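Scroll down for the structure; my scribbles are underneath it.
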Amino acid sequence: MKVLKFGGTSLGDWERFSQVASILTDEAAQGRIAAVLSAPATITNSLIAAIDNATKGQSVQAIVEHIDTVFNHLLSGASPVLGEALESEFKVRFAHQLGQWQQKLKGIELLGYCPDEVQADFVVGGERMSAALMEVLLKAKGVQAGQLDPKQVFLAQGGILESAVDIQASRERAQNIDLNANQAWIMPGFCAANDEGQTVLLGRNGSDYSAAALAASLGASQCEIWTDVDGVYNVDPRLVNNAKLMSKLSYQEAMELSYFGAKVLHPKTITPIAQYHIPCVIKNTFNPSAPGSVVSRETDGSEAVKAISNLDNMTMIDVAGPGMKGMVGMASRVFAAISNAGVSVSLITQSSSEYSVSFCVASNDAKTAQDALERAFELELKNEFLEPIRLKSGLSIVSLIGDGMKTRKGIAAKFLNAIAAAGANLVALAQGSSERSISAVVNQQQVKNVLVASHRCFFDDSHDIDVLLVGAGNIGKELLEQIKGQQQVLAKQKIRMRLCAVTNSSKMHLDEQGIDLESWQDELAASEQAADLTKLRAWISDAQLRNPVLVDCTSNDAVAQTYPDFMAAGAHVVTPNKKANTGSLGYYQKLRHAALVNKRQFLYETTVGAGLPVIDNLKKLVAAGDELHKFNGILSGSLSYIFGELEAGMSLSEATKIARDKGFTEPDPRDDLSGMDVARKVLILAREAGFNLEIDDINIEGVLPDNFDATGSVEEFMQRLPELDAWMADMIASAKQEGKVLRYVGEIDEQGCKVGIAKVAADEPLFSVKGGENALAFYSRYYQPLPFVLRGYGAGGAVTAAGVFADVLRTANWTREVTQ
Ligand code: ADP
Ligand code: ASP
Ligand code: MG
C-alpha cells in the first residue's frame, strides 16, 4: 500500500484536478493506494474568512459565491467524464454541503461567535468535497474507488483546531478496516476525530500530516507528497531565484526544515513516518517524471549546511528583571505558563547572567502568551522583580539546517557575515544542541535579503562582479563588447560578471539581475530614469549587489569627485579617467584613505600608458622599497603618432589632420597638442612614486609655440596650423643634423617634472618609439644605469577598454563581507 497526498495547489482548477485523477488511475493500476486530498487552493482560506465575516456580522455572500464557483468549475470540467449518474451523485453531495455551510454561517452570525468544534467541521467541508469529486471521477475512469473516513481511522488528541494523531491507537483502528474492498482509497486530509468523536483539525497545511499519519497507521511502503514544485529546495524557491533541489534528505533534516518554516511540508509530517522508517517522496504533480526529493534515513553528506529556511510573522518575548537572577525555576515557570496557554515556542535564548529569557512565538499567539505571563507573574511584576513583559513583533527566524554541521567549524561565523552583508540586524541567535540547526532572528522586512545572502554564502562558490558603468562612449561601449565576448571564459573561472547599471550623461538603467549585454543600448535609450549618481549609490544597498564596481569611463571631474562616496557605499572604483588622480593633493589622499577604510579597490591602470601595466608595476617597485630617481617617457599615443610622421617627412598640419581623421587624437587636437594630457599622466606617475606634487608644479611646454594663435573653432585652428609647418620642419632638420629625433616627452627627475618636445639621441630608449606606441623608462635605485622599460601600443579605445577590463577582473575576489 502506498499513500499519496495531493495539496490544494494540485487541485485548484479542472486541469490540475484531472491531472491528479490520471496519476491516481495509473498508480491504482500498479497496486493498492490511499490518496489524501486537500481542499482545492483558496477554499480553506475562504471558509475561514467566511466564519470571520459572519462573526463580525459582515456579508459572506461574495465568499460563498467564490466557493460555489470553484466547485462548479471543477464539476463542469469533470462532467463529460462523469456521466449522468455520477455527476448527480456529486451534485447532491455538494448541494448538501453548501446548504450546511450557509446554515452554519447564519448561526455564527446570530451568535457573533464560532465555537471551535463548529469551525472544525465547517472548514473540513473543503477537503470532503475534494474527496467526493475525486471518488466519482475515479469510478468514472473505471477505478474501484471508495472513501476512507479520517474520523474512523484517526484518533487525535489536543486542541480542536490543532490536534495530533495518536498513531498507536490509529494503527489499531485501521486493523478493523477491510482495505481489500477498494483498489483506490480516497481520504479527506486535514482532520481526525477526538475521543468524543468530534471532528478536529490537524492545523493549517495539515494534510501533509494526515498523509504521514495514514502511512504510519496502515504500515504503507511509501508516502508521497505531491505538490507544485519538483521537491524540497534548499531555500524557499519563491524568495531565492537559484534555489537548489535536494535529492535526498534525512528525516531529521526534513523535520528541522519544516519546523523552521519550509511550507512544502507541515512540521508534524515527519515524526510518524520516521518512527516506522517509511520513506517519503516529495513530487511534482505537474512534472510527474521528475524524481522528486526522498526523505529517509539516508542523507547525502556532501554539504555541511543542507538548507536554509525562514519562519515569518514571529514575535520575540523578553522576560527580564532582577527577580530572574539565579532564581531556581524561573525559566520553567515562564515556559509552563506559555505551554498552559497552548502557545508553542519556536526558539529560546537566555543571557548567561540569567537576567533575562527571550523566546519567539507566532505573532498570532503573542497576545495570549503575554496575558498568560502577566497572570503567572502578577506578583513579581507588581513588585518590580520583573520588568514589564516586552514584545517585539515583525520578526523572522532564519535557520541553517544540515546533519553535517556538527563536524564543521566556522559555520556560525559565515552565517553572521551573510546576515551583516544583507544589511540586517541580528536580534537573537540560537543553536540547537543537536547542532543540526542554527537560527537567527532578524526583522521580517530583511528576510529575503538574508536568505539571498546566506544562500550565496553557503551554496554559491562563484565570484560576482557587478559592473556599474558610468559613461557609455567609445571606451564604455568597447568594454561591454569585450565583457560580452568573454562570458564563457569567465564562467569557466567561476566569475559571474554582470552589467547591473549603465548611465550616459542623461539617463540611467538599473537591473540587479543583470542587463542584457546584447540589448543594453536599447534598454538605456528606453529607460525613463534620469542619470543620478546619488540614486545609483543608494541603489547599491537596495539591490543587494555583492561585489559592485563603479567603472567610470567619462573624463568628467564631477564623476571623479563621487568616488569616495561610492567606496563608502561598498563599490570598488575602476577608471581610465585621470581627473581624480590629478586633482588637488588633498583629494588624491582622500581617495586612498577611502579605499583603505572601506576595504575597496581603486584601480586606474589605464590612466597612464593605456593598456600597458604601468601603475601596477610602479606600485610593486615602490612597495618593495625601490626609489624612482628619474623617469622619461612617451605617454601620448596621438603625439607618438604625429612625431613619427614628422620624422618621416610629413608636415605638422598634415600629420595632425591624419591623426585626427584616424581618431587617434581627441576631437579637438589642441587637447593633445597643449601637453596637458601628458602632464596629467606625469603627475600621476610622480605621485605614485611618492612625490607630493600639484599639477601647477609641472612645467608644461605644449607642441604649439606661445606666439601662435590657437584660438577659435577646431576648423579655424586646423586651417591656421600650416603656418607652423616650416617652423616644425626646421626643428626636425636641426635635430637630424645632430643625429637626433624629436619626441614629445614627459620627464621626472630631481629638478622636478616637465613635459615638452625633446631631442632624443639614437642610444636612448625613446628614439625608436613612434606610430602610436608608448614607452616608459624608469631609472631607479634597482634599475640603473639601464632603466626598467615598458613599451607597447598605447592608443585607441580597444586597448584602453581591455586595460579597464583587466582592472575590473582584479576585483573578483574582493566580495563584500560587511556593508555597514
Ligand atoms: P500544497 O498545496 O501542495 O500543500 P504548499 O503551498 O502548502 O503546497 O507547499 C508548496 C510550496 O511550498 C511550494 O510551492 C513552494 O513555493 C513552497 N516552499 C517553501 N519552502 C520550500 C522549500 N524549501 N522547498 C520547496 N518548496 C518550498
Ligand atoms: N486545506 C488545509 C489548509 O489549507 C490543509 C492543507 O491543505 O494541507 O490549511
Ligand atoms: Mg501544503
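List of remarks:
- Among the residues making up segment 87-119, those that are part of a helix (DSSP H, G or I), farther than 18 Å from residue 63 by Cα and open to solvent by less than 40 Å² (accessible area, probe 1.4 Å) are 87, 90.
- Of all residues in segment 713-723, at least one satisfies being at negative phi, open to solvent by less than 40 Å² (accessible area, probe 1.4 Å) and of a type outside the set (A, V, I, L, M).
- In segment 135-161, the residues that are surrounded by fewer than 18 Cβ atoms within 10 Å (Cβ to Cβ) and outside any helix (DSSP H, G or I): 141, 142, 144, 146, 147, 149, 157, 158, 159, 161
- Per-region count, segment 117-130, residues out of contact with any Phe, Trp or Tyr (no Cβ under 7 Å at 6 or more places or on another chain) and within 15 Å of ligand 1 (Cβ to nearest atom): 2
- Of the residues making up segment 724-764, those that are among the small types (Gly, Ala, Ser), buried (at least 16 other Cβ atoms within 10 Å of the Cβ) and either more than 18 Å from residue 681 (Cα to Cα) or more than 60 Å from the chain's Cα centre (by Cα) (or both) number 1.
- Residue within segment 8-15 that is more than 16 Å from ligand 3 (Cβ to nearest atom) and either in a loop (DSSP other than H, G, I, E, B) or among the β-branched types (Val, Ile, Thr) (or both) present: yes
- Selection from segment 217-242 of residues that are in contact with a Pro (Cβ under 7 Å, 6 or more places away or on another chain) and part of a loop (DSSP other than H, G, I, E, B): 229
- Any helices (runs of 4 or more DSSP H) falling wholly within segment 521-622 and containing at least 1 residues that are among the hydroxyl-bearing types (Ser, Thr, Tyr): 533-542, 563-568, 579-582, 585-597
- Only one entry of 72, 45, 53 meets the criterion of being assigned to a helix (DSSP H, G or I), open to solvent by 20 Å² or more (accessible area, probe 1.4 Å), within 16 Å of ligand 2 (Cβ to nearest atom) and without any contact (Cβ under 8 Å) to a residue 40 or more places away in the chain, and that entry is 45.
- Condition check for residue 36 on (1) touching a Lys or Arg at 6+ places or on another chain (Cβ under 8 Å); (2) aliphatic (A, V, I, L, M); (3) open to solvent by 10 Å² or more (accessible area, probe 1.4 Å); (4) within 16 Å of ligand 3 (Cβ to nearest atom): one failure, at (3).
- Selection within segment 183-203 - touching a residue at least 60 places away in the same chain (Cβ under 8 Å), away from ligand 1 (no atom under 16 Å from the Cβ) and assigned to a strand (DSSP E or B): 184, 185, 186, 199, 200
- Output for segment 1-20, where each listed residue is within 16 Å of ligand 1 (Cβ to nearest atom) and over 18 Å from residue 216 (Cα atoms): 7, 8, 9, 10, 11, 12, 13, 15, 16, 17, 19, 20
- Qualifying residue in segment 459-472 (condition: among the aromatic types (Phe, Trp, Tyr) and open to solvent by 30 Å² or more (accessible area, probe 1.4 Å)): no
- Scan segment 741-764 for residues that are farther than 14 Å from residue 701 by Cβ, touching a strand residue (DSSP E or B) at 6+ places or on another chain (Cβ under 7 Å) and free of Cβ contacts under 8 Å to residues at least 60 places away in the same chain and the total you get is 2.
- Residues satisfying the stated conditions in segment 193-213, i.e. closer than 18 Å to residue 7 by Cβ and not basic (Lys, Arg): 201, 202, 203, 205, 206, 207, 208, 209, 210, 211, 212, 213
- Residue list for segment 765-786, filter: exposed (fewer than 13 other Cβ atoms within 10 Å of the Cβ) and touching a residue at least 60 places away in the same chain (Cβ under 8 Å): 781, 782, 784
- Pairs with Cβ under 8 Å, 6+ apart, first in segment 546-560 and acidic (Asp, Glu), second in a helix (DSSP H, G or I) and open to solvent by 20 Å² or more (accessible area, probe 1.4 Å): 557/579
- Taking the listed residues 348, 270, the one that is of a type in the set (Val, Ile, Thr) and either within 16 Å of ligand 1 (Cβ to nearest atom) or open to solvent by less than 10 Å² (accessible area, probe 1.4 Å) (or both) is 270, with no other qualifying.
- Test set (1) acidic (Asp, Glu); (2) more than 30 Å from residue 399 (Cβ to Cβ); (3) surrounded by 14 or more Cβ atoms within 10 Å (Cβ to Cβ) - residue 518 fails condition number: (3)
- Any hit, segment 186-204, residues being aromatic (Phe, Trp, Tyr), within 16 Å of ligand 3 (Cβ to nearest atom), open to solvent by less than 40 Å² (accessible area, probe 1.4 Å) and under 23 Å from residue 362 (Cβ atoms): yes
- Matching residues in segment 28-42 - criterion: being outside any loop (DSSP other than H, G, I, E, B) and either among the hydrophobic types (A, V, I, L, M, F, W, C) or within 16 Å of ligand 2 (Cβ to nearest atom) (or both): 28, 29, 33, 34, 35, 36, 37
- Set side by side, the residues 132, 62 differ, and just one is open to solvent by less than 60 Å² (accessible area, probe 1.4 Å) and at negative phi, which is 132.
- Note on segment 243-278: residues that are among the β-branched types (Val, Ile, Thr) and assigned to a helix (DSSP H, G or I) total 3.
- Taking the criterion of being closer than 16 Å to residue 257 by Cα, of a type in the set (Asp, Glu) and within 16 Å of ligand 2 (Cβ to nearest atom), the only residue of segment 204-243 that qualifies is 208.
- When residues of segment 6-27 are limited to those that are within 22 Å of residue 278 (Cα to Cα) and open to solvent by less than 10 Å² (accessible area, probe 1.4 Å), the one nearest to ligand 2 (Cβ to nearest atom): 7
Listed here are the residues, each with its yes/no results for (1) away from ligand 3 (no atom under 15 Å from the Cβ); (2) open to solvent by less than 10 Å² (accessible area, probe 1.4 Å); (3) within 26 Å of the chain's Cα centre (by Cα).
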position: 215; (1), (2), (3): yes, yes, no
position: 244; (1), (2), (3): yes, no, yes
position: 253; (1), (2), (3): yes, yes, yes
position: 264; (1), (2), (3): no, no, yes
position: 278; (1), (2), (3): yes, yes, no
position: 288; (1), (2), (3): yes, no, no
position: 299; (1), (2), (3): yes, no, no
position: 312; (1), (2), (3): yes, no, yes
position: 318; (1), (2), (3): yes, no, no
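- Pairs, first over 15 Å from residue 363 (Cα atoms) in segment 324-349, second basic (Lys, Arg) and modelled with pLDDT of 85 or more, C-beta under 9 Å, six or more apart: 337/375
- Selected residue (only one of 635, 639, 673 is within 26 Å of residue 790 (Cα to Cα), touching a Lys or Arg at 6+ places or on another chain (Cβ under 6 Å) and of a type outside the set (Val, Ile, Thr)): 635
The values are calculated or read from the model by the stated rules, or taken from the named source; none is laboratory data. Since the model is a prediction, treat every value here as computed from it, not as a measurement. Reconstructed Cβ throughout: ideal geometry from the backbone, glycine too, with neighbour counts over all protein chains shown. Quick note on the areas: whole protein, heavy atoms, side chains included, nothing else; ligands and nucleic acids left out. Shrake-Rupley method; radii C 1.70, N 1.55, O 1.52, S 1.80 Å.
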